[in-house]
């Protein structure tokens, strides 16, 4: 696959993560030409220069629109705060660039729809940064489900929990404002939903309960301010094929750091996974003698593709940032017109639609059906 | 506490478990007089004789009503199938005996109510066999919550899963008949509910989703019969004090054997427990330096009362049957007029009321409030 | 198997444990007549009376020799401190009683030899209280090894660690005196050795390193006293069939409570076990597809005999005290002339011989061979 | 720190790993100038060209000596098979280049000594690729030990196990030849030794037992060939400060994939770590109330430096390859004359000396002292 010219907007953590992916993808995979790191944009000109040097980009600018005009740029990584995604992604697509945009698409559903329309109109590749689905474990679980390794799935539970909002005495900040969204639902639940899309496809119906662990939080001036969204979300779900499910998310769950815990139950076995131990999964199967049946804890290994591209020995472990390199490889495949495994804007929009349906089910205290 | 004369109805597993408890309670606790094992009833006269010999009972009968008339019997263990609980417990209470009845009270709510009324009228002790709450771990968690060890609780999740109904090709049997109840909801969820009652008190509102992993099961004649109740239940709950909760139960969860997994999140920490590893719990607290914060896996030890009565050294482990000995000790305390930790008929009825509310919320697809 | 008349010497924890076993063995197993609890001896006459009442013994005495003369006593449980074992066991055997003696046999090897000789001369059953080998997990591991489930074993590691001597500021007490033995070696290592005997038979050669985590400990008078034995022991071993092994023991290992961790490596798989989670084991096997190979965590279940005698459902868990009931059942079988699974005085002596060889290998800083 | 010109010899897995590190180090750390990837050597000219393109190197050659003459090359990564290390590293040092050499130094101790002498003579930086010590967990454990977080250490156990030699029917290959070294001892034990050096410094005395799980292995021609070295090694050790230790290593341990399990016991607590779960460690400490004491499982987080340079959120996890980036940063610091944390040739030689002492202790069946 031929070399792409890369533009990068934003150099915070996700920008760095994209930069690492662009730097590593050819060394890791071998089957793609080394991308040319062409142009980097960061609000502050000096910072832009510094980051370009660190990240290996040839040019730097304080005006992200310079990337649109740069003929050497084929694809643009959008890693800025969520409210800028729509404008940047749409402008990039309209300028004929492919887009690799961090999740979520946009706070407002209408903006997300505009993004998808822009991708359709431009006929360019538009991929979301849902990197958890790139974990070789998740890819292997998908293979296992396809093979019927645990029979027909009938029940799923998924939990996503962190504790960065767990301290009731931490200062109120923008994440607790209504304008920042529903809370755990859009901040977190989109990730489990990306996994559910990847493994099961559609969510058909939901009823959610949202709650506020803390009604208010302290402010800098010594007062307290009411929390405007919900740090905890619990959702009953129905998925295709008579699968019942539960999705739970909390950003106020003390002790949890990067937990995305899956439980998948089928007619012949079950599978467990937790992103906090991202290099292993557990599988229980009913074959063999009952006296030795139990959950097998499987460590990732070269046979769990594409782990082999990173390390030739089993049990040595990928890191979180490595998932972005795999995602990058999928993006490049997409641009090359090959089949790819990633969440594009169309699927991304479905995820956001599901989140909004969950919020509605909470507001109305009733089940909400979601059209496919 | 003085010696009680004991009658036992039923000698299946639970009957054996009661018999062991009556045999062990004085040796274990030391502070109760050794009970006199007076009279045992089992439907078959020969079996009754054999069991009386094995279990150490003085007399045996094929007619359980003989126990009512036996003046040496002070308390009667009722361990027969659920449909007999009401008649036996009520008759025993009316005969002036104390009653120790296995869970649940009765399949029909009206029968359960009659049982409670009988206990009130008789002025006798009437205790249910909810033994999981007797685990020293659960008792210690209750202490921790009372002390505020994890601050104010804001979210709870509890899962009870086994796999004895997980095989879709296992023959249809009575547990799948509508007459056997709702399925996972009353068969299983009562146990997590007993823990929730013990730790948090009331459940205020619920909405449940029930599902059938398998629509039908094979019959002995080579046909298939429709399953009439639900092997999986998922419930959103509201508990007092702004606590949101999720209860999940499945008797078709391959790989789970005796799982009752609790997650309790508070403003200063969290607590985890799983009955499959009943001799340990995990606690995360926010005190101390952040760089060493993590879930501490605590093994039970003599300081987790009444573990010390069983074993003087830490980390050696109680067994499931030991919980019944603790329950027995609580029953004896109750009879002696002392404070006790057990679920009596009044609390037992509230648990069953909650289960029926859950079933109604599923039927009507709406939240159901439960009066305290 | 017919009813035995039981005498019990000693009513500390192990005495209580024996009493529970005698009380429960017929209810649990069904295939043995309920033992008659005849005569109990405890140094203090009042305490003897109280314990007899609690434990269900008919008679009590402050003179253990009364049990020898009691014609109703068939078997005597010896649960007193180690230095009394030899005299009591030998007297009991000479009086024609069977003996169930807590481990170890005796501090001095010569005394242990006398005990074995007494058992031979008397032609009576003489069993040691090495209860860890009675765990259904250990019994099942033995079956797995016999079946070749992990092929031919080539390497074994076993660790026994507790932390009751881990506090350097705990007062000096008798366990640190030379007269109490070598330290971790005889206090602890005998248990792992009982497992090794059960699983592999003989230990052929050893070289040990013993160490003192703390050279001295505080005394009550504010001074410090030199520690006279070794709280930590590490041993390289050779076992039959080209098996290399390592045995590690510490009673100063902070965090460990009742750890006995086994690792067994074979040509087709491996097995792990830790007594702190006594109701499970892990097995790795090379059959099946590599992509799902991993350690299976197997929870004990009725098919792991004799778990089924205690509980009819999987994953509910036995306790430490239950192991003694199984041991009691084996003793009764032995008395009935049936095959049994327990460590008798002959095997017990071999374990103590091995311990002494380890101590010698440390003293002489060289490998020591042990005759079979 | 200023930009280095980089040469790379060898492009197998370790070559790729070095290349990734050179590509990433400035983006990750920010405080080093982006290295210039100047010249790459690989035996095959075409492959060299291809790899240079993939890895981002400007020039490629089939003759590694071309790198010595390249004035733009400041530092050379040596990642070829072990037998080439000495010649290449010495030539590079003599050419005035800094050297980053994969472990071990050389099969023959004399060659390793020559390497160290060359480094001394050249006055250049010479660092070994012992990357496990770069894990933020290991660095944090070192800090904890320095702080006395678990008091004074008295006992250490370390196990390194994999299963790539566990199949007795795998074809005989060069790793089983005597010329390849002692077996597990030099192939594996050097890694645990690197951790011990990092955490405790010197090993004072050792006695090892080596064993051959399989005496012979099949050959391609249908015959069998005797195995010439030992796949399993067990070693008793003495470390400074009255610390006793055990080192165990096996490359025939079915089920183990990349296990390096540490147990460190001190007077106030203990620490556990296993490289298979490289993003966590466990710590037990004696402060606080006994009822909640247990091993805390701590997930790595930004406060475990330099995790923060990779990911700003806790619990997301580094990968094995990331450790090489940290090592690269240490090398650059060393070149810049700053303090650094890495194993240089002097320490590397001590590790190899210790390995040879272990082998001698096995041959002579006696303890061997090792001069500091």
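Among the residues of segment C:353-372, those that are out of contact with any strand residue (DSSP E or B) (no Cβ under 7 Å at 6 or more places or on another chain), over 15 Å from residue C:233 (Cβ atoms) and modelled with pLDDT of 95 or more comprise C:353, C:364.
Of all residues in segment C:132-177, those that are more than 12 Å from chain D (Cβ to nearest Cβ), under 30 Å from residue D:285 (Cα atoms) and over 22 Å from the mean Cα position of the chain (by Cα) total 4.
The residues in segment C:142-160 that are out of contact with any helix residue (DSSP H, G or I) (no Cβ under 9 Å at 6 or more places or on another chain) and in contact (Cβ under 8 Å) with a residue 12 or more places away in the chain can be counted, and the count is 6. Put simply, of D:53, D:36 the only residue that is in contact with a strand residue (DSSP E or B) (Cβ under 9 Å, 6 or more places away or on another chain), within 30 Å of residue D:318 (Cβ to Cβ) and without any contact (Cβ under 8 Å) to a residue 24 or more places away in the chain is D:53. Of the residues examined, residue C:332 is not one that is on the phi < 0 side of the Ramachandran plot, in the same structural domain as residue C:191 (by TED's automatic domain parsing) and within 22 Å of the chain's Cα centre (by Cα). Restricted to strands (runs of 3 or more DSSP E) entirely inside segment D:205-299, those with at least 1 residues that are more than 7 Å from every other protein chain (Cβ to nearest Cβ) are D:205-211, D:216-218, D:224-226, D:232-239, D:243-250, D:259-266, D:269-274, D:280-285. The numbered conditions (1) assigned to a loop (DSSP other than H, G, I, E, B); (2) within 16 Å of residue B:16 (Cα to Cα) are all true for residue B:53 except (1).
Inspect segment C:105-117 for any residue being more than 27 Å from residue B:316 (Cβ to Cβ), surrounded by fewer than 19 Cβ atoms within 10 Å (Cβ to Cβ), in contact (Cβ under 8 Å) with a residue 60 or more places away in the chain and not assigned by TED's automatic domain parsing to the domain that holds residue C:350 and give the result as yes or no. Yes, there is a match, as at least one residue in segment C:105-117 is more than 27 Å from residue B:316 (Cβ to Cβ), surrounded by fewer than 19 Cβ atoms within 10 Å (Cβ to Cβ), in contact (Cβ under 8 Å) with a residue 60 or more places away in the chain and not assigned by TED's automatic domain parsing to the domain that holds residue C:350. Going through (1) surrounded by 24 or more Cβ atoms within 10 Å (Cβ to Cβ); (2) closer than 22 Å to residue B:265 by Cα one by one, residue A:155 falls short only on (2).
Is it true that some residue in segment C:83-103 is modelled with pLDDT under 95 and more than 22 Å from residue C:3 (Cα to Cα)? Yes, there is a match, as at least one residue in segment C:83-103 is modelled with pLDDT under 95 and more than 22 Å from residue C:3 (Cα to Cα).
Just to be sure I understand, how many residues within segment B:56-81 are part of a helix (DSSP H, G or I) and touching a helix residue (DSSP H, G or I) at 6+ places or on another chain (Cβ under 9 Å)? Give the steps one after another, and end with the answer.
Initial filter on segment B:56-81 (part of a helix (DSSP H, G or I)): B:65-69.
Next cut, touching a helix residue (DSSP H, G or I) at 6+ places or on another chain (Cβ under 9 Å) only: B:65, B:67-68.
Counting residues in segment B:56-81 that are part of a helix (DSSP H, G or I) and touching a helix residue (DSSP H, G or I) at 6+ places or on another chain (Cβ under 9 Å) gives 3.
Checked against (1) crowded, with 23+ Cβ neighbours inside 10 Å; (2) within 12 Å of chain B (Cβ to nearest Cβ); (3) under 25 Å from residue D:290 (Cβ atoms), residue C:314 passes all but a single condition, namely (3). For residue A:85, indicate whether it is within 14 Å of chain C (Cβ to nearest Cβ), assigned to a helix (DSSP H, G or I) and surrounded by 17 or more Cβ atoms within 10 Å (Cβ to Cβ). Spelling it out, it is not the case that residue A:85 is within 14 Å of chain C (Cβ to nearest Cβ), assigned to a helix (DSSP H, G or I) and surrounded by 17 or more Cβ atoms within 10 Å (Cβ to Cβ).
Within segment B:233-249, count every residue that is in contact with a helix residue (DSSP H, G or I) (Cβ under 6 Å, 6 or more places away or on another chain) and under 17 Å from residue B:209 (Cβ atoms).
Result for segment B:233-249: 4.
As for segment D:159-166, it holds at least one residue that is surrounded by fewer than 23 Cβ atoms within 10 Å (Cβ to Cβ) and in the same structural domain as residue D:237 (by TED's automatic domain parsing). Checked against (1) within 14 Å of another protein chain (Cβ to nearest Cβ); (2) in a loop (DSSP other than H, G, I, E, B); (3) surrounded by 21 or more Cβ atoms within 10 Å (Cβ to Cβ), residue B:358 passes all but a single condition, namely (2).
For segment C:300-311: of the residues being outside any loop (DSSP other than H, G, I, E, B) and either in contact (Cβ under 8 Å) with a residue 60 or more places away in the chain or under 24 Å from residue B:314 (Cα atoms) (or both), which is nearest to the other protein chains (Cβ to nearest Cβ)? By that ranking, first place goes to C:310. I'd like to know if segment D:12-27 contains one or more residues that are in a loop (DSSP other than H, G, I, E, B), at pLDDT 95 or above and out of contact with any strand residue (DSSP E or B) (no Cβ under 7 Å at 6 or more places or on another chain). So far as segment D:12-27 goes, yes, one or more of its residues are in a loop (DSSP other than H, G, I, E, B), at pLDDT 95 or above and out of contact with any strand residue (DSSP E or B) (no Cβ under 7 Å at 6 or more places or on another chain).
It is to be established whether one or more residues within segment C:226-238 are within 16 Å of the chain's Cα centre (by Cα) and either under 25 Å from residue D:264 (Cα atoms) or buried (at least 21 other Cβ atoms within 10 Å of the Cβ) (or both). No, the conditions are met nowhere in segment C:226-238. Scanning segment B:337-355 for residues that are under 25 Å from residue B:310 (Cα atoms) and either within 14 Å of chain A (Cβ to nearest Cβ) or surrounded by 16 or more Cβ atoms within 10 Å (Cβ to Cβ) (or both) yields a total of 5.
The values are calculated or read from the model by the stated rules, or taken from the named source; none is laboratory data. This one's a predicted model, so the numbers in the text were calculated from it and none came from an experiment. Reconstructed Cβ throughout: ideal geometry from the backbone, glycine too, with neighbour counts over all protein chains shown.
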